[in-house]
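Worksheet: the structure to be examined is printed underneath.
The values are calculated or read from the model by the stated rules, or taken from the named source; none is laboratory data. These numbers were taken from a predicted model, which means no experiment stands behind them. Cβ sites come from the backbone with ideal geometry, for glycine too, and all protein chains shown count toward neighbours. Protein only, heavy atoms only, side chains kept; ligands, DNA and RNA dropped before computing areas. Shrake-Rupley method; radii C 1.70, N 1.55, O 1.52, S 1.80 Å.
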Amino acid sequence: MDKKWVYMFSEGDTTMRNLLGGKGSNLAEMTKIGLPVPQGYTVTTEACIEYLKDTQLTDGMISQIDANMKTLEEICNKKFGDPQDPLLVSVRSGAKFSMPGMMDTILNLGLNDVSVRGVVANTQNERFALDAYRRFIQMFGDVVLEIEHAKFEDVLDEIKNREGYEDETQLTVENLKEVVQRYKEIYLQETGNEFPQDPNEQLLMAVEAVFKSWNNNRARVYREKNNIPHDIGTAVNVQAMVFGNMGNDSGTGVAFTRNPATGENKLFGEFLINAQGEDVVAGIRTPKDIEELKDEMPDVYKEFHETSELLEKHYREMQDVEFTIEKNKLYMLQTRSGKRTAEAAIKIAVDMVKEGLITEEEALTRIEPTSLDQLLHPTFDPKALEEKEILATGLPASPGAAKGRVYFNAEDAKNAADKGEDVILVRKETSPEDIEGMYAAKGILTSTGGMTSHAAVVARGAGICCVAGCEDAKVFEDKKYFQVGDIVIKEGDDISLHGTTGDVFQGSIKTQDPVLSEDFGELMKWAVKYKTMGVYANADTPHDAATALEFGAEGIGLCRTEHMFFDEDRISSMRRMILSQTVEQRENYLAELLPMQREDFVGIFEIMLHRPVTVRLLDPPLHEFLPTKASDIEQLAADMGYTIDQLESYIRDLEEFNPMLGHRGCRLAVTYPEIAVMQTRAIIEAAIEVTKKTGVDIVPEIMIPLISMKPEMDYVYNVIKETAEKVISEKQATLNYHIGTMIEIPRATLVADKIAETAEFFSFGTNDLTQMTYGFSRDDAAKYIEDYTEKEILTSDPFASIDQEGVGQLVRIGVERGRKTKPNLKVGVCGEHGGDPASVQFFYDCDLTYVSCSPFRVPLAALAAAQAAINDK
């Protein structure tokens with residue numbers, strides 16, 4: 001027996017969403033609870049998947065479509081294709097996940113030159129019949145044969161203009177006869193065939209067209225943007241037509257059971273009298289507010305209002321409903337969970353808990369964590385944004401909206417910001433040397449680099465809008481302009497950046513500052529209540545630490561010390577230390593840096609107090625701190641008593657072909673242990689000072705980066721331990737502290753059991769771990785990762801969301817082997833994946849102690865952690 005490919009609405013329910021799609025399962029569910037639903041049947045998603053293998057309906061599918069049409073004929077007491085009183089149907093798509101506007105719909109299917117006369121005879125309404133026929137020809141031509149929609153619209157506009165009509169409801173019977181005839185001529189001209197007159201042929205062509213439309217460009221783009229799989233297919237719903245265009249006692253509309261923009265508990269929607277469904281959304285006529293239906297058709301409004309409330313209570317969710325009124329009778333055509341803004345989603349979830357419709361846990365699972373970005377960062381004024389054309393598009397590296405004048409180096413950006421200007425820093429790619437200009441900017445644009453590039457990481461940490469890897473923008477930093485095609489943007493010109501989409505705009509667009517509601521605070525309280533995994537923040541300064549606490553961080557999982565050395569009063573000492581030719585000379589310059597470094601930690605410890613703070617020792621290669629400008633090299637040579645040639649030679653000696661795999665991290669501490677000694681002393685002295693000042697026991701965690709083997713760990717551990725104990729003894733103090741390591745080299749995960757013999761905690765640096773596992777340069781991979789995702793070699797950017805199959809397995813191995821040695825080993829993650837909701841779920845499954853992310857992503861991570869714990873139940 002052939003597989004069941006087709007189900008009547010009466011055979012399904014909402015649990016069959018995977019098979020019948022969202023629309024089909026909801027139509028079945030509404031049928032089940034007795035609502036006025038025009039009946040029909042659903043061709044399954046499995047049929048779509050099978051069809052797409054060789055783009056052909058099987059004999060079994062065709063015979064089942066035919067059999068279910070006969071059942072529908074019995075229900076409606078009409079015949080499909082009958083010349084006297086034809087059954088007409090709509091053909092609509094409906095995937096498992098709502099994809100509004102992405103798939104194609106055909107109405108009034110079954111009409112032909114003969115049956116249209118039967119409709120006239122039965123309705124005594126020739127205008128209605130012809131209007132339905134011209135709509136069908138247009139939709140069928142557009143959707144099934146891909147005839148350009150505008151070709152049909154041009155005919156309609158021409159006749160309206162000729163007759164002096166404002167809208168198409170004024171078209172007469174004679175006008176509509178002309179429209180139908182000319183539409184059929186367009187069909188013949190474009191396809192070489194007459195418009196099909198056999199309704200069964202029309203139906204099968206329409207079903208195939210909906211299946212094919214699953215892979216149209218706008219559908220694929222929507223799925224990629226919303227992380228919907230490409231392989232689940234769409235169902236096709238064939239439903240008996242009801243008509244809202246039969247006169248002034250008929251109409252059609254769309255409504256939400258609550259306001260989708262604000263969440264207000266009030267019916268929100270629009271309707272049109274004497275219209276079909278597409279008229280409401282097409283903008284051809286101006287719809288009326290749903291409340292006006294109360295005056296025009298009070299009984300219908302009352303029934304619709306009661307039905308909407310029933311649906312919301314039944315689904316326990318805000319609904320987006322479509323309806324048609326035919327001769328004063330209400331029909332429900334669709335219900336689905338309504339799309340909404342982040343603000344509305346939170347209000348609706350919190351209100352529904354208060355109303356007793358859902359639990360706190362359900363409320364938490366109703367919110368998409370990434371949607372919180374809309375609330376935590378500035379956004380563009382929607383009307384102002386609509387008026388602007390996109391200049392270029394890069395990667396959405398750090399969310400938010402920013403406008404300002406363009407500057408091409410950190411110094412100019414900082415100076416302009418100090419004068420009160422809104423600044424956009426534009427670079428080919430940023431480096432640690434740009435840090436002051438980056439912090440001064442409202443937004444950052446780079447032409448190279450990926451989602452974990454220096455620009456992206458710093459921007460996310462500071463809550464600064466950033467578009468990275470915008471290859472269309474050719475940046476000429478020395479000449480102070482960038483170019484997109486023929487458009488040149490010079491220093492001082494205004495641009496706007498949309499960090500949430502990656503779009504770049506010429507000129508200034510009005511922005512709106514975020515405002516967090518009481519409902520947001522309530523939701524976050526519930527997230528803290530239900531999550532079991534810690535959520536820390538990556539924070540490098542006291543300001544970052546304070547921001548992290550405001551957003552609910554429970555500790556600092558990564559404090560990067562390198563950014564502290566780029567301040568004007570420190571960089572010269574840092575450079576002199578790096579270029580020292582003896583240990584004694586280096587220690588003298590380190591002594592200059594010690595009090596500055598200590599004060600950094602004092603500031604952070606005073607804010608965080610009892611909360612854990614993990615400080616990473618110096619990680620980047622030393623050459624990143626060295627000057628590149630001739631004037632800076634000349635000044636430094638004079639300060640150190642070197643000739644310019646000598647200094648340039650020393651700088652060249654520090655350069656590396658592949659610095660990310662070079663002399664950095666723990667390798668610096670092996671070669672120059674005096675650097676680790678200074679940093680350890682600064683951390684321990686600061687902890688002792690704050691403990692004495694506040695009475696709170698500060699317990700610092702010192703983290704060694706880039707460990708790959710136990711002997712390496714042992715060596716640096718002993719340097720830190722010896723220094724810490726010496727300082728504690730000098731200060732005659734008592735202090736607990738922990739020494740651990742970042743796990744960011746694949747080898748370290750494989751020997752984690754041995755490393756854990758010494759290390760007191762692990763923190764996975766998944767940015768570098770991804771880079772080294774794939775062999776992708778995280779600064780350059782953006783150039784080709786898009787090709788990989790487009791060609792479905794990768795499903796997502798592995799730097800944005802953890803690769804669970806490869807990199808993720810190394811994380812699992814590292815956790816399991818580390819805890820084999822130390823069962824209670826504290827294990828976290830401090831890469832950018834710590835703020836990605838899908839990655840947070842994976843880390844929860846790996847039994848990590850905490851995740852750490854930028855301060856502005858803490859609410860996202862907390863919500864994702866709560867959802868992971870709830871899902872686990």
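The table below gives the values:
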item	result
Contact order normalised by residue count of the stretch 318-417, Cα under 8 Å, 6+ apart, percent	17 percent
Gain on full stretching of the segment that runs from H305 to E656 - 0.36 nm per residue minus C-alpha separation	119.3 nm
Alpha carbon centroid spacing (whole Å) that separates the stretch 680-713 from the stretch 186-253	64 Å
Net +/- balance of residues flanking L87 in space, Cβ distance below 15 Å, scoring K and R +1, D and E -1	-4
DSSP bridge pairs, the chain: antiparallel proportion in percent, nearest 5	65 percent
Dipole in debye (nearest 20) - the stretch 92-242, about Cα centre, beta carbon charges: Lys, Arg +1; Asp, Glu -1	620 debye
Two-site FRET efficiency, Q39 against S777, from Cβ-Cβ distance with R₀ of 60 Å, rounded to 0.05	0.55
Option label - Kirkwood radius over Cα pairs in Å computed here, alternatives (i) 30.8; (ii) 36.0; (iii) 33.3	(i)
Qualifying lysines (Cα of each under 25 Å from Cα of K726; at least 8 residues distant if same chain)	K692, K693, K710
Set of lysines with alpha-carbon distance to K531 below 25 Å, sequence-local pairs under 8 removed	K347, K354, K822, K826, K873
Peptides 811-822, 464-475, 72-83, 204-215 ordered by average Cβ neighbours within 10 Å, highest first	464-475, 204-215, 811-822, 72-83
0 to 90° range, to nearest 10: angle between helix 149-163 axis and the chain longest Cα axis	60 degrees
Whole-number percent relative contact order across the stretch 1-53, with pairs defined as alpha carbons under 8 Å at least 6 apart	42 percent
Given charges at beta-carbon only (K, R positive; D, E negative), |dipole| of the stretch 525-652 in Debye	740 debye
Ellipticity estimate at 222 nm from DSSP helix runs (n ≥ 4, -39,500 (n - 2.57)) divided over the chain, nearest 500	-14500 deg cm²/dmol
Net length gained if the chain between D82 and K177 were fully extended (0.36 nm per residue, minus Cα distance)	32.1 nm
Per DSSP, loop trypsin sites (Lys or Arg not before Pro) in the stretch 583-671 with at most 16 further Cβ within 10 Å	K629
Positive-end residue, the chain charge dipole about Cα centroid, Cβ charges, pick of Q189, F842, A150	F842
Crossing angle, helix 858-872 versus the chain [Cα axis fit, 0-90 degrees, rounded to tens]	70 degrees
Counted charge near E148, where neighbours are those whose Cβ lies closer than 12 Å (Asp, Glu -1; Lys, Arg +1)	-4
In the stretch 364-433, lysine pairs closer than 17 Å at Cα, eight or more apart or cross-chain	4
Listed residue (P378, Q39, A861) projecting farthest to the positive dipole end of the chain, Cβ model	A861
Virtual spin-label span in nm between D493 and K820, 7 Å along Cα→Cβ	6.0 nm
Spacing of the two label points (7 Å from each Cα toward its C-beta) at S517 and E224, in nm	3.4 nm
For the chain, accessible area per residue (1.4 Å probe, heavy atoms of protein chains only), Å²	42 Å²
Residues of type aspartates and glutamates that K78 reaches as a straight line, Cα spacing below 19 Å, ignoring anything fewer than 8 places off in the same chain	D66, D113, D198, E201, E326
Relative contact order for the stretch 636-730, counting Cα pairs under 8 Å that sit 6 or more residues apart, in percent	32 percent
Centre separation in Å (Cα based) which lies between the stretch 581-607 and the stretch 384-461	30 Å
Net lengthening on full extension, D486/E471 (0.36 nm per residue, minus Cα-Cα)	3.9 nm
Between helix 568-578 and the chain: long-axis angle, C-alpha atoms, 0 to 90°, nearest 10	60 degrees
Lys, Arg +1 and Asp, Glu -1 on Cβ, resulting dipole of the chain about Cα centre, debye, nearest 20	1920 debye
Dipole of the stretch 81-180, positive direction: furthest Cα of F97, L111, L176, with charges on the beta-carbon	F97
Per-pair calculated FRET efficiency, R0 = 22 Å: E194 and T55 via Cβ, rounded to 0.05	0.40
